[in-house]
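Here's the structure we're looking at; comments come further down.
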């Protein structure tokens, strides 16, 4: 009797260990597959585009013949300009929203409605956001196809991402830090500004830079808002911000790298195709650099926070 | 003076005792006598609720100047909940409600109009985990006072030195005040947290299991420190460690299942407990 129980236990242990081995194998396989997909995609795009990417003038010349010839200098600039404007608008709003939700909002209907609204906003298809942006900003506000319309449209789906990232970063600050401040007679605002946000900063920076990668590669929301063409010539050295050729004019149309790919992909000419792949390689490199930068900056900030 | 009243109350009426007390100006821990009857903080029928959960029932206790009061009891007995009511930290917890009167120097602070920020300067708190700010040692101490409007490098320098000396940390850190507080050991961090609390000159300091994350040597250092800083203020300490309660406190309150079961001088509580549950707890029947 006792012996059979012992045997049963042995069999059970053996089975558990075998299952563990199988699970380890399957999980390793899955991760390997994911890595294979990423690596092969990156290598394929680079192999197709790297030649164009390093072609003299590709990064420094304006495009010609409706994008089928020349470089992508303006598209590159427009992408960064859109990104910076988007962050300039969405970061303060998201920070405020996240601080409210984490530190101030009482449990209740308003808070849960706000959270639901933010989640809904993050799952809206970007093309729908683009259409909305077109109707409201380009048509109703009369901003036409402009960098500002584009940046505001991008803001709409960047806000939920940022709010979530900042919310998470603030929630990850140990409660003991909050307690320490409040127990010293500091207000919630002082606590948030001087203690919580600095501690959360590495995670916030990482999240912001990662979200920047998504904004940078966005096409659908920009098709109807910032338009599908940059001015033929941009002047970076004019202070006449109302001029349609002034690079810094937020009311001029603009074309991001992603939109550029979309626009000229349909062009049949072989030269247009090389530009498409070169642009794709450039876009991908930029996004990869964002990710690397996010890690490096986040880690450096975290190190500064904890040691010194 | 308050010294006289308490000495009269005790069964020792000898003049030597009074003289020794007043000369040392410290409470006589060995006999557990209180030398002060000045109540700094007092609760009257305090009840605490978390939502529908009634976590603490009708607790009335008084905390005296120059005295350390220990709150003991098994986990979940309500002692920390009670402690966190004393500086209204429970107000920061969603769904928590505190009923009853909490009188600080004769004035009920458990009112909606009470200025929490002013109050918490007077009633400081030290937590279970050392929780220094992610700042330099110097800034850890000056941060809150500067937010409260203290200015001037000389003033702040002096405050840092006084607070760190008060927390018996000055000699260890005086050459590295600009270093991060996280470079310190756990025990040093906890003493820094006490120094930070001392810098705002509180009347009452609440300790919420201040040594449970520390090694025995750091624990003894903190206990010494408590006895040194209790002068002119009241200290309340929640502890799981009964030896600690008996070593450090003048009076002890035993909590069990949300009730304050027994309260008395520490010696009596540990030597001659009245309540059967307290006796069981002390003899290790449960913990």
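Here are a few things to note about the model shown:
- Count of segment B:61-80 residues which are within 14 Å of chain A (Cβ to nearest Cβ) and without any contact (Cβ under 8 Å) to a residue 40 or more places away in the chain: 0
- Qualifying residue in segment A:94-103 (condition: within 19 Å of residue A:172 (Cα to Cα) and not in a helix (DSSP H, G or I)): no
- Residue A:204 more than 28 Å from residue A:47 (Cα to Cα) and modelled with pLDDT of 90 or more: yes
- Meets criteria (in a strand (DSSP E or B) and crowded, with 16+ Cβ neighbours inside 10 Å) for residue B:63: yes
- Of all residue pairs spaced 6 or more apart or on separate chains, those with beta-carbon atoms under 7 Å, a first member in segment B:154-170 that is touching a residue at least 24 places away in the same chain (Cβ under 8 Å) and a second member that is assigned to a loop (DSSP other than H, G, I, E, B) are B:159/B:199; B:160/B:177; B:163/B:199.
- Within segment A:111-161, the residues that satisfy the criterion of being free of Cβ contacts under 8 Å to residues at least 12 places away in the same chain and in a loop (DSSP other than H, G, I, E, B) are A:141, A:142.
- Residue that is farthest from residue A:74 (Cα to Cα) [pool: residues in segment A:285-308 that are touching a residue at least 60 places away in the same chain (Cβ under 8 Å) and within 14 Å of another protein chain (Cβ to nearest Cβ)]: A:305
- Boolean, residue A:106 is free of Cβ contacts under 8 Å to residues at least 60 places away in the same chain, over 30 Å from residue A:232 (Cβ atoms) and either loosely packed, with under 15 Cβ neighbours inside 10 Å or not assigned by TED's automatic domain parsing to the domain that holds residue A:280 (or both): yes
- Breaking point among (1) away from every other protein chain (no Cβ under 14 Å); (2) closer than 24 Å to residue B:117 by Cβ; (3) buried (at least 20 other Cβ atoms within 10 Å of the Cβ); (4) touching a helix residue (DSSP H, G or I) at 6+ places or on another chain (Cβ under 7 Å), for residue B:163: (1)
- Single unsatisfied condition, residue A:107 versus (1) in a helix (DSSP H, G or I); (2) over 30 Å from residue A:149 (Cβ atoms): (1)
- Top-ranked residue of segment A:258-284 - restricted to ones that are in contact (Cβ under 8 Å) with a residue 40 or more places away in the chain and either over 23 Å from residue A:226 (Cα atoms) or not assigned by TED's automatic domain parsing to the domain that holds residue A:202 (or both), ranked as surrounded by the fewest Cβ atoms within 10 Å (Cβ to Cβ): A:269
- Hits in segment B:234-287 (condition: modelled with pLDDT under 90 and at positive phi): B:284
- For segment B:93-136, the set of residues classified as away from chain A (no Cβ under 11 Å), farther than 22 Å from residue B:50 by Cα and in a loop (DSSP other than H, G, I, E, B) consists of B:105, B:106, listed by residue number.
- Residues within segment B:229-245 that are within 11 Å of residue B:72 (Cβ to Cβ) and crowded, with 20+ Cβ neighbours inside 10 Å, tallied: 5
- Residues of segment B:203-212 that are touching a helix residue (DSSP H, G or I) at 6+ places or on another chain (Cβ under 6 Å) and surrounded by fewer than 23 Cβ atoms within 10 Å (Cβ to Cβ): B:203, B:208.
- Among residues of segment B:173-188, those that are away from every other protein chain (no Cβ under 14 Å) and more than 24 Å from the chain's Cα centre (by Cα), counted: 3
- Residue that is farthest from residue A:191 (Cα to Cα), among those in segment B:140-160 that are within 14 Å of chain A (Cβ to nearest Cβ) and buried (at least 19 other Cβ atoms within 10 Å of the Cβ): B:159
The values are calculated or read from the model by the stated rules, or taken from the named source; none is laboratory data. The model shown is predicted, which means the values in this text are computed figures rather than measured ones. Neighbour counts are summed over all protein chains in view; Cβ atoms, including those assigned to glycine, are modelled from backbone coordinates with ideal geometry.
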